[in-house]
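Notes follow the structure.
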Amino acid sequence: MISMTAAFAQVGIGTNAPDASAMLEVSSTSKGLLTPRMSMAQRGAIGEPQVGLLVYQTDGLAGFYVYEAGGWTRLSQESFGDVKSGIQDNDHKGWVLLDGRALTATSLSPSQKAAAEDLGLSGSLPNASNAYLSQNGGAIGQVSGANTSTLLQENLPSFDFNGNANSAGSHSHTTSAYSTSTDGQGSHSHTTSAYSLATANAGSHLHTTSAYSTSTGYAGRHSHTGTANEAGNHSHSFGTKHDGNDARLNNVPPGPLSGDDSWSPDVTNFYSTSENGNHTHSLSISTVDNHAHLIVIPVSKSSDAGSHAHSIDIPESTSSTTNDHVHLVSIPESRSSTTDDHEHTVSVSSGGSATPINIAPKTLSVNMFMYLGL
């Protein structure tokens, strides 16, 4: 049934009262409105389409298309530049896989290339492999960032790792020899204890002593006995004195003896021995007074020239340096005396090797697509 109202030139199909805002109203509860249907090629062949012309495309990205200024637009929820995820592997129904391909006529249709360039893309499509959608403040349509991160030492909390090493069974430790200097500790001196040591054998050698003089200690009244060396053929003159108590034999020069104030009477009995050839003399000198003797020791060399050592006694002493000074300490290589099972206390800093770590969460692997139309 077709109803026409002449006053308004309205057409009603299935109704006698078309809506006042419509030139044509089709009303039915069992049938629909069937618009012209055609292929994408047929749609493109319509000459001088008017804005608002509506057709239904049956192939490719099927659907209603309306002609707007500048071209045909599919009537759908998608808009150029929309991004979605999916498990499809290839381009489909106007959705283009974001795989970083170049924006060329061989990789995209002319309308898709134009749509991408209208969106501000140049050179190539974004490569969304292993990337996440994020409004991170970067350039729109560009991939930035990484799936790994390197923690630096300043990113770690400030603390030391303290603990005990595991017991490692019976073992000892070797320290290397090294030298160090102590800090100056103000004015002080050092006392060394007395000790004895023996030098190492140093091969065959001699020792020279310097000449010096010394005196024996006083040893009270004593006498001296000896034998004079042979002195060739000679004679002796001697005289006798008397002091009234005893007689002492005195060597005197030849001739009369002259007295002194402590002797009386005058010397008597002067004698001279006859020459008796080469001979020696024994003499014994008795001394009344306590006295000492001067001994002169000449320069000499030891007769022991073989390999031998010497014993040295070092007395206790105190250093004369008492001002602020340091000491050089040489520490020889050594081994610890503890060789049974024991532990060690350790303190370890929080430094690391700066190895990158994967910060990607558990994910569902999908492909990313952008809608550029057909």
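The values are calculated or read from the model by the stated rules, or taken from the named source; none is laboratory data. The structure displayed is predicted, hence computed values, not measured ones. Note that each Cβ is placed from the backbone with ideal geometry, even for glycine, and that neighbours are counted across all protein chains shown. Only protein heavy atoms, including side chains, enter the accessible area calculation; ligands, DNA and RNA are left aside. Shrake-Rupley method; radii C 1.70, N 1.55, O 1.52, S 1.80 Å.
Quick look at the values:
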{"read-out": "Environment charge at Arg101 (Cβ cut-off 15 Å; Lys +1, Arg +1, Asp -1, Glu -1)", "value": "-3"}
{"read-out": "Net charge contributed by nearby residues that have their C-beta within less than 11 Å of Ser172 (K/R +1, D/E -1)", "value": "0"}
{"read-out": "Taking only Cα atoms of segment 97-142, radius of gyration then Dmax in Å", "value": "11.2, 32"}
{"read-out": "For Thr29, solvent-accessible area (1.4 Å; no DNA, RNA or ligand), Å²", "value": "150 Å²"}
{"read-out": "Relative intensity, log₁₀ I(q)/I(0), of segment 15-96 from a Debye sum that treats every alpha carbon as a point, q = 0.12, 0.25, 0.26 Å⁻¹", "value": "-0.52, -1.23, -1.27"}
{"read-out": "29 Å Cα-Cα reach of Lys301 towards lysines, excluding residues that sit fewer than 8 places from it in its own chain", "value": "none"}
{"read-out": "Within segment 1-103, percent of DSSP bridges classed antiparallel, to nearest 5", "value": "70 percent"}
{"read-out": "Globularity ratio of segment 1-147, using Cα Rg and 2.2 N^0.38 Å", "value": "1.49"}
{"read-out": "Qualifying lysines (Cα of each under 28 Å from Cα of Lys84; at least 8 residues distant if same chain)", "value": "Lys93, Lys113, Lys362"}
